[in-house]
Each structure stands twice: as C-alpha cells, then as structure tokens.
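These notes are about the structure you will find just below.
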Amino acid sequence: MSIYSTAVKRPITTLVIFIAVIVMGVFSLRNMPVDLYPEIDPPFISVFTIYPGASAADIETNVTRPLEDNLSIVTNLKNMTSQSRDDISAITMEFEYETNLDEATNEIRDVIGRILRFLPEGIEQPTVFKFSSAMIPVMMLSATADESYPALAKILDERLINPLNRIEGVGAVGIFGGPEREIQINVDPRKLEAYNMSVEQLGGILAAENINLPSGNVKFGSVDYPLRFTGEFTESSRINDIVITSFNGNPVYVRDVAEVNDTLREMTIEERINGRQGLRLIVQKQSGANTVQIANEVNKMLEEIIKTLPPDIVIGVVFDTSEFINNSISNLINILYYAGIFVTLVVLFFIGRWRATFIIILTIPVSLVTAFIYLYFTGNTLNLISLSSLTIAMGMVVDDAIVVLENITRHIEKGSSARESAIYGTNEVGLAVVASTLTVVAVFLPMTLISGLMGLFFRQLGWIVTITITVSTIAALSLTPMLSSQLLKFSSAKRTGLGPKTSAIIDNALSGLDRFYSNILGWGVGNKWKVVFISVSIFFASLFLTGYIGTGFFPEADNSRISINIELPTGLRLEETSKTARAIEKIIENDYPEIEAINTSSGYSSTAGIFGNPRAGSHTIDLTFRLVAPKQRSRDVWEIADALREELSVFPEIVTYTVQTEGGGFGAGAPVQVEIYGDDFNTTNAFAEELALKMRAIEGTRDVDLSRGPEKPELRIVPDQEKMAMFGLNTNTVSRAIRNRIEGMTATRFREDGDEYDVVIRHKEEFRNTFSDIENIQVLNPMGQMVRLKEFASIEEFYSPPNIERKNRMRYLTVNSQLHGRSLGNVTTDIQAAIEEMEIPPGITYRFAGEIQEQQDAFADLVLLLLLSIFLVYVVMASQFESFSMPFIIMLAVPFSFTGVLLALFISGGELNVISFIGAIILVGIVVKNSIVLVDYTNLLVGRGKSIVTAVRMAGKSRLRPVLMTTLTTLLAMIPLAVSTAEGSEIWQPMGVAVIGGLSFSTLITLVFVPVVYTLNGARKIKKARKRNRKALLLQAQ
Amino acid sequence: MKAVFIVYNQALTERVSEMLDKLNARGFSQWQDVKGRGTHKGEPHMGTHTWPAMNSAVLSVVDESLAQKILDGVSKLNETAEMQGIRAFTWHIEQTV
C-alpha cells in the first residue's frame, strides 16, 4: 500500500492528520516570540585586571603581555585584542561562533590561576567577563524634571527602576547622569593647619562620631531592655557642631575649619534630553530573554508608573529596539500575505478552476505551518530570516501539488473515476515529484551545515525550506490525491458562465504562447550554433558587470537612530564642552524637524568604570537621536547623518566626530577598519595619520579616525624618594593624602530614610585650583610634623602616552571610517590602492578588518556552499537520469541565473552582499527545476520514439505552461519582498531582487538554450552511433 | 462455458469490478500490475518512466450468455474511457474440475 492509495482510501484519516498539523502549527505560532534575527550569542570573553597606579606601558609589559602569552593557547580562540591603559589591562578574546563559552571561561580561569603568581604583587584578581547579547540595551529611556531634578535619581530608583527590575527577563536597569546627594565638607586648609590637624584626622573623628552601637541588655524589674548608644548624625547640619579638637581649652567645631554643604555630587557627565536636564535609563535584558516581550512589559508598566510620579517628571523613550523589530516583522508578514495572494492568482490563472486551485493552494498553509512547529520546538523565534525563508518556500511548495493534480485531471478527463485517477495519476508522477524535491533539498540542506556567523543565520533558512518542501511533497502525495478524489469530477458538458469564459480566453492566449514558443524552438534548433554563441557571449558579457556592482557585507536598515560621538580638545572642562553641546542641540532643533528626540551626554560617566569608552572624558559629547518613522520623512537616516556631518564640520573646536547609523546591528564598530601593526608608536602613528589623510580623500569615506587617541596633558607629582624618606614618608601615605585633599575622602556615610549618602571631606575649591595650592598641600608624617609637598616633590606637566592596543599579541592601531553612498568593496579597493602607493616603513604591517573581513569570511563560506549545492544537485540528477551528460545540460541554466542576478543588481543599483549571495545560491535549486521539467519530458518523448527535434519542440509546447507556472509562483512570491519600501525592507530586499533577476533571466534563456544544447548532444550521440554502424558495415563488407 | 480475459488500464479497476458484480459474475482471478501494449493504437502500459501507466487483468470463466454481457459491458466502458484502454478476449473452456 502506497501513501497515496492509503490517503485516498482513508480520506478522514488523511484529513484529520493534516488538521492536526495545522492546529499544532497555529499553536506554535501563537506561542513563538518575535525577534529581529536568530539568536546569536557574541563569542567574546574579556579579562580585566586592575593594577592601581601603573601606567599604560607598565600595564602592557607586566600584566597584559604575560596574560596574553598564556591565554593564547585557549581552544577555539579566533582573535585576541587588548588594551592597556593607566591602571587597567583589558583583554578581549574573540572565539569562533558556537564555541561553548562556559568551557572557554573555565579554561581561561585555569590559565589565569596558573600564571597569577608570576604577575606583579599589586594587581587585583583578574575578572573574567563574558560578553553576551544581554548587554545590548533593549530600550533607552530619558527622564527630565524641573523642581524634582535634585531628587530625580532617588525617585526613579524607588518608583521606576525597582518595578522594572521585577519584570521577568529584565537584566539590569542602568541609570546615567542623575544627580546624587552628597554631603561635602569643604575644608579651609589654612584653618586646619592652624589647629595642626590633617584631613585624615578630621575624617577619622567624623567616622568615629557617626556611630550607633548596641550596648548590651539591662534588666529593670521584670523587663529586659536592649541598650543602644545612638551617636549617628540625624541631620547633616549636625556635622557642623561636632567638636574636632580643643585649642587653648576652647572646643574647635567642624564649622570653624570647614563649610558643610548638603548638596549634589559634582558631576562628570551632563545629560540633556531635548535640551532639558535629566538622566538616561538603559534597560538591558537577561541572556536569552525576548526583546519584544520585555519592551512590551516595560511600556505597559511605564504607563502605570508615570501616573504615580511627580507631575514635572517627564519620561521619554530615546529608543526602543522592539519598535523596529515589531514593525519590520509585521511588514514581512504583510509581504507573506501578498505573496500568498499572488501565488493563488497565478495558479487560478493557469488552472482556471476554483476547486483545483483550492486543492493546490491548500498545500501552502499545510506545509508552511510545519516551519512554525520546527521553530517552536527548537526554541527559535519568528524573525526576519525565518519569515523570508517562508516567502521563498511559498512559491515552491505548490509545485508538487500542481504536477500531481495535473496528472490526476488528465486521467479524469480520459474517463477514469476520480478515486482511481487520484491513485494512479499520483503513482505515475510520484517518483518525479520526489526527485525534483530532492534537487531543492540538495541546495537548502547544505545551508544547515555552514558554520560561523553565516551558519547561525542561514541554518534556519536551510531547515525551514527543507522541511516545508518535504512536507509539501508529502502533502502532494497524500492530501492532494485525497482531495482530488473527493472534489474533482469529470464534466464533459460545456461549462458556461463568466469563470469558464475568462478561462477559455486565457486558455486561448496561452495556446498562442505555446505555439509561439514552439516556433522559436524550431528556429533555435535550426540555428544551434548561433544560439549557443549568443548565449555564451551574454554570459561572459555579464561577467563584466561585476566591475560595476559593489560588494557589501550586510544590508543596513533605516532604523531611525543616529548616534554621534564628538571629541573636543583633550582636557577641556565640562562646562566648556556643554556649551558646544548646547550649540549643536540648537542647530538640530531648528533645522532638523525629522529628529524627534535628542539625548546629549557631555563628559563621561564616572560609574561606567572598565566598561566605559576609554576615550571618554570631560571633553567628549555623545548624542543619540531618534528620528520620526521613515514614512513621515523625506530624507533617510543616511542622508540626515551626512547632513549632520556637514553641520559638525563647521565647529572649529570639534577635533573629531563620528556619526553612526545603527542599521542591522551587525559588525560592531566602523564598517571600514584598517589595522596597522607595529611596535613603535611614532612610526605607526605617522603611517596611520598619512593613511587617514588619504582615506579622507577617497569618495564614500566618512569620519576617518584613528583608534589611538591623542596624548592627554597631565600633571604629575614626582617625589624625591630620598627627601621623602628623610621626612619619614612613603609613597602610599603621600599619594593617599593628595587624593584625599583633591578628589576627596569619604569619611563616613550619612543615613536618612534608609538611604546612605557619602560624607566627603576635601579642600575647598579655591584651595585646589592652582599649582601652588597643590605644592602647598601638607602631609602629616609619623613624627607628627606637617610637611609641605613642595619640600620633597615637584610638579611637572606631562603628556601621557595613549592607551596601548594590541591584537594577537602585537601592538596595533586602527584607522576607521564610516561609509556613505558607496559600497564597502569599492572603498576597500581604493584604500588598498592608496596603501600600495604609500611607502610602508619597515616593521609595519597592515590588514583590513571590520566588515570587510567579515564579508570575506562570509563570502568564502558562501562560495563553498554554492559549490557544494551545485555538486549535490548534480548528484541527485545524475542518479535520477542515470546519466552523466544530462545533468550538465540541465545545469546550464545555472550560469544564466547568475547573469540575471548581476543584471538585476546592476539595474537596481544594489550591491552583492551576503543576502543577495544567498539569493543566488537559492537560485541553483529553483532554476534547475525548470530545466528538469523540460529535459525530462523531452527524454520521455524521445523514449516514445520521436525524433530529437520533434521531441524538443513537442516537449517545449506541452511543458511551457508548467514551467511558466512554477516560475511565476516563485517569482511573484518574491516580488513583494523586492519592491517593499516598508521599515526594515532594506534587509530582505536584496534577496528578492537577486531571485527575481536570476530566475526570470535564466528562465528566458534556458527555454531556448537548454533544448538547443539537448539537440546538440542528441546529434552527437546519433553521429557516434552512425559511425559505429558504418564501421560494422565496413567490417561486414570486407 | 467461456473464459473472458479482460486487460485494462488499472485506473479502470473499480469500474471493471463494478461491472462484473452487476452482472453477477462471481468467480474471477485478477492480476495486478500487468504490462502490455495494444496491437494497433493506444499508449503502451509499461510502468516505466516513458510509459508510466500499468494494466490489470481479470480472467473470469462464465456461461456463454454472461460472457456476451461482459463483452458488451467492456465495450461500453471502452466508449466512455477510450483513452485509458481496455480489451477483452474470450475462448472456450473444455473442461472444469
């Protein structure tokens, strides 16, 4: 019993099985989270080591290098970069994708454990830090306030951050730029000196006064009382009245030597949201949590929380990554619907009958829902890749059903009962259907084998198409015959009505087309070599187009976000930096109506620590913009970014700036990166500067910048060790003393309403403003004497060397550039040419990194994939036709599909990137299918005794419709993908363009070229046979 | 007694069985997946890629009157589904056990 006869004989079983599949699919779909891309965990692990007091160069030699040397043996390590800056060594290890990072972390810990004792004594235990996708912010919120501003951070912490943190999946809610309460004790050093006291002593006294202590229990009669001593400050003003010493028998109070201010901490960062003062909140997700779900929950909760906040606090959304995801996914779902409608129309057009169309179209939902089941049970998400895979599959899943139904109809028309026509009609084409499915699977299954980033991406595509196509074949062999046996009936009576009349008109037109094609074939067969010559020249001519088509890595999408980093002259104080920030804000407010929200941070976050941007300082400005939706503006995000660049370039005080649009979210950092390796700072700097200059001149580069920052001016206190020893001082006490006076000493904490605030003692601002203020700092020595700093140390002005970056254990720096209006490939070629013109000093090597490297890796993978697909398709066909030459003839369609892809890209101005490349690979499976239909039927006719030329013409005439039909279903399913301009369309568009171009062109060519080559091959065989015959006859005659 | 041998495109199996049932021809032997082709016209039924269709065959030994009815039925069937192909042959039965 075969599957189709079982299905026909047990229609109810068949029906309920497929209903069950659909129900499962719908269930999976309802429960499936939505995301932009398949989940990709960035394979990065960092090791941070803090060595207080060491300079960048010391860190490099003593910490970074030994660590690097030992860490380089960790398995699966791809790249290792490091940064040595003052106090901190940060090593980042990049692994191959899909490395087990837990194992890698353990290995790293082992290595660190082994070499820890060879590292300097003073280092802190190295921290191993696993970077995860969870670190990428899901949302950035802003909060602005007027009168509530001083307490903003505290209010938000209690009423906003705590509830948000309770949402499942929210990892961390970070707060940036909020004011913090601090109790400052600003000492007048002269007065303190007069009482012969030091800051440290003052701090000690305050700490000792601010104490609550349980003092045991006392029993009074029948009651047991716990006893408690309460010395803690109840009010910050009480600090004023604390006695610190006595002078001539009179008590000396804190207020006599210092000013106590209950105020806000001095800020290193200034946050403005749309020009108003406020702070930024960043919501991060837990690893593996779903962005869209979290954002939804956060938004829901925000609505309620906002009602409870003081009315002057305004909460805004700077960006919400889920918005772009939701929009582009819903756009893609719309595209899927359109594709479905187009496919239905094509089938109806060619078949001309409602019932038959219904039976064929039914295979679409049945097979597509299995993709949802697969996605759900493998824990995947509904994302751009899975949805575009469905669009690709959409046009192909109907093919098998069409072939089966056609044959069943043929049997019915010959006079068999519907039941038997269904069984035997399916039986006759069953093998052919399975074979054609195998060729498609041969293309898509290898996609599940690619490794690396591309693998993470296209594995889903491979599986989804393989599964849906397989299921569609199963449905075509069971559901289609079953439904045909139930629904189709033979009607010899002439059909009347509007439907049949239009279908008759269409039928006439198509018959005309059949005849026309048959005539063309007749001409082609008569002019074989001409056809071959023209086709081959078209193919080779198209190869010249490659020179005009740019290459890129991943299409960038307009997600309505721009961020700008600006550097002013190093060392500029925050107040000055903010002035420039205000000026920029003003320009944007006036001239850029497209920009909906502006978030400006001037300065640097003191809490960002080792994760912060190493180049951030009081002279840097970070701006984040949210634009209105793409439909509501005439300029796209890149045009706006470029206009902003022009605005920035007129500010004389701006040293460098980078304007970034955050497209698909791939390849962190600048798209163009040239790495320059070399030990010597000066030569590498000079070379990099020269290269940067040349790169700026190249068309399409923007914001060319060096990764190595400029040197920073710095004041250094250089102690004279001998003198210091004479005074009984050591480095530790002296450096601490200086720090306590300038940076401040946190003496104790003031407690109020369950919160603690730092009590910080330091010199009043007017006593730490000049060279001599610092020189006159007094340090208490063990003998109880006050010694001035200038007596044992001098202050010198220095330029501190930059941070030392290393990659794979070599010093390097990168020259980075953004792109605008030109493809990555072309710009890279130009840079390459520019470098070749330059004289490369000895000891310097260079390498391209960034997206160009990602692209090269990806293209290498894809070329391999392409070759593998072609090979597998050949294997499937060779076994199907039991011939070596037949598959070759059939696969002649493939090169022309590439011609089509090139043409389409050239015409549409698109670039060859990973997505369009995948489109080209998919084409191998699709175009071969057309060719098979044609050649298979020609073979059949030859087998039935027709001459080759007649067979070719007849096959062409009778197979034109199925070929056009399957081509058009695939083609039209892709059209919405290619022409959509909706949000996020930039990402999937190249695939649509590539497939449409390739498929339509190769179909046109193969309809003529393949039959012609078939006749040539046939003629060759006949000639061979004749030769053999002649020889035999000659032998006989002799 | 006559033997009636009917070869037909297997897509007609149900119709042939139906006909035999209607005529009360109870006894028969059937072969499935029989290959063959006609002398004059029609597609060969070979079960190959070139000629994918297959035949079935029925041998029924019946009274002479019934044999004629069966032949009539077959020719009627042939008229409605000429393209599918059905043929019937009869001969005498000399002895039965």
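Where a number appears in this text, it was derived from the coordinates with a stated rule and is not lab data. As the structure is a computational prediction, the values presented were derived from the model and not from experiment. With ideal geometry, Cβ positions are generated from the backbone for all residues, glycine too; neighbour counts draw on all protein chains shown.
Sequentially through the stretch A:805-813, phi angles give Karplus couplings (6.51, -1.76, 1.60; θ = phi - 60°) of 9, 9, 9, 6, 6, 10, 5, 8, 9 Hz, Gly and Pro residues having no value and appearing as x. Here the contact order of the stretch B:2-92, divided by its residue count and restricted to Cα pairs under 8 Å and six or more residues apart, works out to 46 percent. Farthest towards the positive end of the charge dipole of chain A, among the residues A:Thr439, A:Ala747, A:Leu453, is the Cα of A:Thr439, using unit charges on the Cβ of Lys, Arg, Asp and Glu. Loop sites here are trypsin sites (Lys or Arg not before Pro) outside DSSP states H, G, I, E and B with no more than 12 other Cβ atoms within 10 Å. The longest part of chain B free of them is B:42-97.
Under 28 Å Cα-Cα from A:Lys631, which lysines qualify once same-chain neighbours fewer than 8 residues away are excluded? A:Lys631 reaches A:Lys300, A:Lys586.
Working note: 222 nm ellipticity from helices only, DSSP H runs with n ≥ 4, each -39,500 (n - 2.57), summed and divided by the residues of the protein assembly as shown, gives -17000 deg cm²/dmol to the nearest 500. Backbone geometry of the stretch A:165-177 corresponds, through the Karplus equation with coefficients 6.51, -1.76 and 1.60 at θ = phi - 60°, to 3J(HN,Hα) couplings of 5, 6, 5, 5, x, 6, x, 8, 10, x, 10, 10, x Hz, x marking Gly and Pro. Peptide A:420-430 has a mean of 4 when you count, residue by residue, the C-beta atoms of other protein chains within 10 Å of its C-beta.
Counting Cβ atoms of other protein chains within 10 Å of each Cβ in B:7-19 and taking the mean gives 4. Using a ≥ b ≥ c from the Cα gyration tensor of chain B (square roots of the eigenvalues), is it rounded, prolate or oblate, where a/c under 1.5 gives rounded and otherwise the larger of a/b and b/c decides, a/b for prolate? The shape class here is prolate.
The distance separating the Cα centre of the stretch A:202-249 from that of the stretch A:373-446 comes to 85 Å. Sorting the segments A:569-577, A:992-1000 by their residues' average number of neighbouring beta-carbon atoms within 10 angstrom, most packed first, yields A:992-1000, A:569-577. In terms of its C-alpha gyration tensor, the stretch A:696-807 comes out oblate, because a/c is 1.5 or above while a/b does not outweigh b/c.
Here is the list for the stretch A:191-235: GluC sites (Glu not before Pro) lying in DSSP coil, each with at most 13 other C-beta atoms within 10 angstrom of its C-beta, are A:Glu235. With contacts taken as Cα pairs under 8 Å at a separation of at least 6 residues, the stretch A:1-143 carries a relative contact order of 30 percent.
With N counted as the residues of the stretch A:945-1038, its alpha-carbon radius of gyration over 2.2 N^0.38 Å works out to 1.80. As a rough guide to protection, the peptides A:721-731, A:890-900 ranked by mean Cβ packing within 10 Å, highest first, stand as A:890-900, A:721-731.
Prolate is the label for chain A. Its Cα gyration tensor axes, ordered a ≥ b ≥ c, give a/c of at least 1.5 and a/b above b/c.
Summary value for chain A: 17 percent relative contact order, contacts being C-alpha pairs under 8 angstrom separated by 6+ residues. Distances between placed amide hydrogens fall under 5 Å for A:Glu596 paired with A:Arg626, A:Leu627, A:Val628, all partners being 5 or more residues away or on another chain. Packing here is the average count of other Cβ atoms within 10 Å per residue, and on that basis the peptides A:924-930, A:109-115, highest first, run A:924-930, A:109-115.
Amide H contacts under 5 Å for A:Asn803: A:Gly709, restricted to partners 5 or more places along the chain or on a different chain, H placed in the peptide plane at 1.01 Å from N.
For the stretch A:200-208, backbone phi angles converted through the Karplus equation (6.51, -1.76, 1.60; θ = phi - 60°) give residue-by-residue couplings of 5, 5, 4, x, x, 5, 4, 5, 6 Hz, Gly and Pro being listed as x.
To the nearest whole number, what is the average tally of beta carbon atoms from other chains within 10 Å of the beta carbons of peptide A:24-36? Neighbouring Cβ atoms belonging to other protein chains average 0 per residue here.
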